[in-house]
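Quick notes on the structure that follows.
The values are calculated or read from the model by the stated rules, or taken from the named source; none is laboratory data. Computed from a predicted structure; not experimentally measured. Cβ: placed from backbone, ideal geometry, glycine included. Neighbour counts: every protein chain shown.
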C-alpha cells in the first residue's frame, strides 16, 4: 500500500506522518526528494534553487522519482509505504512555473513510476494567513524564497491536478487541529489497508 502525503511547506505533513507510524504496523516512511542516496544529493541541488533551466529542475525531480520507486517503493509493496511528497508535488511545482502541460507531466511521471501511482493521496490545503504565520518561524530554502504567493499557486495546481487524476484522495484542511486531522487520516488509510 503506497500512500502519498502532499502539500506545500509548513502545512503539517511531517507531523501527521510521524503520528501515522505509531498507529500502523509494518510501515515504511520515506520522502521525495531525499529517500535514497541519490535523492539526498538531488534534494541539496533542488533546495539551493540554482538551476536556471526549469526543464533541468523537472528532470532532476523525475530522476529522483525513478530511483526512489526502484529502490524504495517497488521492493516494499507488502508494507504500508508513507511518502512525504511525490509526483503530485512535482506536477504542482512544474505547472506553477507555466512551462509545462499537465498531460505531458503525467506521462513523464508514469514513466518514472513504472505506471504505478499511489493507492491514496492525502493533500493538505492551507491558507495564506496560516502559511504566513508558519513561514515566519522557519528559515526558508531556495524554493520557499520564491514567495508565499508562489507556494499558494503550487497548492492550487496540486489540487486541480489531483481532481483530474483517477486516484483515490483525501483533502485535509491544514488549519484544523492536529488531532482532528490525524483521526481523518487514520480512518482514510484504514479503508484501503
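Among the residues of region 1-16, the one identified as modelled with pLDDT under 95, assigned to a helix (DSSP H, G or I) and crowded, with 21+ Cβ neighbours inside 10 Å is 13.
Residue count for region 162-193 under the criterion of being over 25 Å from residue 129 (Cα atoms), in contact with a strand residue (DSSP E or B) (Cβ under 6 Å, 6 or more places away or on another chain) and assigned to a helix (DSSP H, G or I): the result is 2.
Identify, by number, the condition in (1) under 18 Å from residue 185 (Cα atoms); (2) without any contact (Cβ under 8 Å) to a residue 24 or more places away in the chain that residue 10 doesn't meet. Unmet for residue 10, out of (1) under 18 Å from residue 185 (Cα atoms); (2) without any contact (Cβ under 8 Å) to a residue 24 or more places away in the chain: (2).
Restricting attention to region 73-106, and to residues there that are under 23 Å from residue 15 (Cβ atoms) and part of a loop (DSSP other than H, G, I, E, B), which single residue is farthest from the chain's Cα centre (by Cα)? This residue is 79.
Restricting region 35-78 to residues that are modelled with pLDDT of 95 or more and touching a strand residue (DSSP E or B) at 6+ places or on another chain (Cβ under 8 Å), the residue that is surrounded by the most Cβ atoms within 10 Å (Cβ to Cβ) is 68.
Restricted to region 130-161, and to residues that are in contact with a strand residue (DSSP E or B) (Cβ under 9 Å, 6 or more places away or on another chain) and modelled with pLDDT of 95 or more, which residue is surrounded by the most Cβ atoms within 10 Å (Cβ to Cβ)? Result: 158. Going through (1) touching a residue at least 60 places away in the same chain (Cβ under 8 Å); (2) in contact with a strand residue (DSSP E or B) (Cβ under 9 Å, 6 or more places away or on another chain); (3) surrounded by fewer than 21 Cβ atoms within 10 Å (Cβ to Cβ); (4) farther than 21 Å from residue 159 by Cα one by one, residue 19 falls short only on (2). Scanning region 79-88 turns up no residue that is surrounded by fewer than 17 Cβ atoms within 10 Å (Cβ to Cβ) and on the phi > 0 side of the Ramachandran plot.
Across region 90-104, the qualifying residues are those that are more than 28 Å from residue 191 (Cβ to Cβ) and buried (at least 19 other Cβ atoms within 10 Å of the Cβ), and the one among them that is modelled with the highest pLDDT is 95. Of everything in region 109-129 that is on the phi < 0 side of the Ramachandran plot and surrounded by fewer than 16 Cβ atoms within 10 Å (Cβ to Cβ), the residue that is modelled with the lowest pLDDT is 128.
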